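Report on the following structure.
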Amino acid sequence: MRPAPFQIPLLVKRSSVMHRKSQEVAIQAIIYGAIGFRASLEVTEHSRCATLCSQLLPWLEQQNYGDQIEEVHRQMLETPYRELTQKSQTEAVWHGEAASLLAWAIQVSDKPDPISRADPGFMANRLSILRPSASELVNNAVLRPAEELEDFCVFCLTVRHCFQRPSLDEAGQATLDRIYHTRLEELGLKESLVRRPELENQAAELAAAVPSVRGLYVVRALTSEWLLGQDP
């Protein structure tokens, strides 16, 4: 899954780090939250599920977010209830996880649990999905402090890196390590590791102890890269 590129300008600059504008992050969170909610409706038995599914895309367009929805995501949202392919349903679930990280970044939810997936219904509530208050959420969005964002983002990227290393031989691991450190430097995250050196050990311990979260941290790492102003 690749978070969608946006046309809204970047706003926050701290040393070499560029962060997305808070309103941009809020809109992306809402779009991804709607997609994640769509995935949850697909596996829910309720009389209102079909209606809710049909309302998501029109509602996003009413909020003037339509031009920021990728075509593949538009197709997911247009698909009638119980007709999503397994591949689309899985991707929609992962977008809900991306929404969880972005919702935390704009201070409307707690930090994502290290090993558990987000509750899509809870996230839909937090992000005002299908509610008029969504515009207020976007207008009032404020990013968390830069250091807090960077520390969590570097942790997510490092967990992904720890999952990638074991499948490579020694030479491959050395190459991957160089790529990893170059990427951290490009994202302005080296300072975070200097400030919080324990993050690397914590990431390695998590990857070793809970292999089932590999996919989750691929999504979180990609979302972190987008949040820091880079299209992965």
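Checking the a/c ratio against 1.5 first, then a/b against b/c, what shape does the Cα gyration tensor give for the range 87-128?
On the way: a/c = 2.00, a/b = 1.48, b/c = 1.35.
Prolate.
May I ask which of Lys111/Lys190; Lys87/Lys190; Lys21/Lys111 have a Cα-Cα span longer than 25 Å here?
Too far apart for the 25 Å limit: Lys87/Lys190.
With a 1.4 Å probe and every protein chain left in place, work out the accessible area per residue of the range 146-228 in Å², rounded to a whole number.
I get 45 Å² per residue for the range 146-228.
Take the alpha carbon gyration tensor of the range 22-140, find the square roots of its eigenvalues, order them as a ≥ b ≥ c, and report rounded if a/c is under 1.5; if not, report prolate when a/b exceeds b/c, else oblate. Before the final figure, lay out each step's value.
Values: a/c = 1.60, a/b = 1.22, b/c = 1.31.
Oblate, because a/c is 1.5 or more while a/b does not exceed b/c.
Take the alpha carbon atoms of the range 110-134, find their center, do the same for the range 150-171, and report the distance between the two centers in whole angstrom.
Here the two parts' Cα centres lie 26 Å apart.
What figure, in Å² to the nearest 10, do you get for the accessible area of Ser100 with a 1.4 Å probe and non-protein molecules left out?
Accessible area, nearest 10 Å²: 10 Å².
Short version: ³J(HN,Hα) in whole Hz for each residue of the range 137-146, in order, from phi by Karplus 6.51 cos²θ - 1.76 cosθ + 1.60 (θ = phi - 60°), x for Gly and Pro, what are they?
3J(HN,Hα) across the range 137-146, in whole Hz: 4, 5, 5, 9, 4, 9, 6, 5, x, 3.
The values are calculated or read from the model by the stated rules, or taken from the named source; none is laboratory data. Quantities reported herein were computed from a predicted structural model and do not represent experimental measurements. SASA here: full protein model, heavy atoms, side chains in, ligands and nucleic acids out. Shrake-Rupley method; radii C 1.70, N 1.55, O 1.52, S 1.80 Å.
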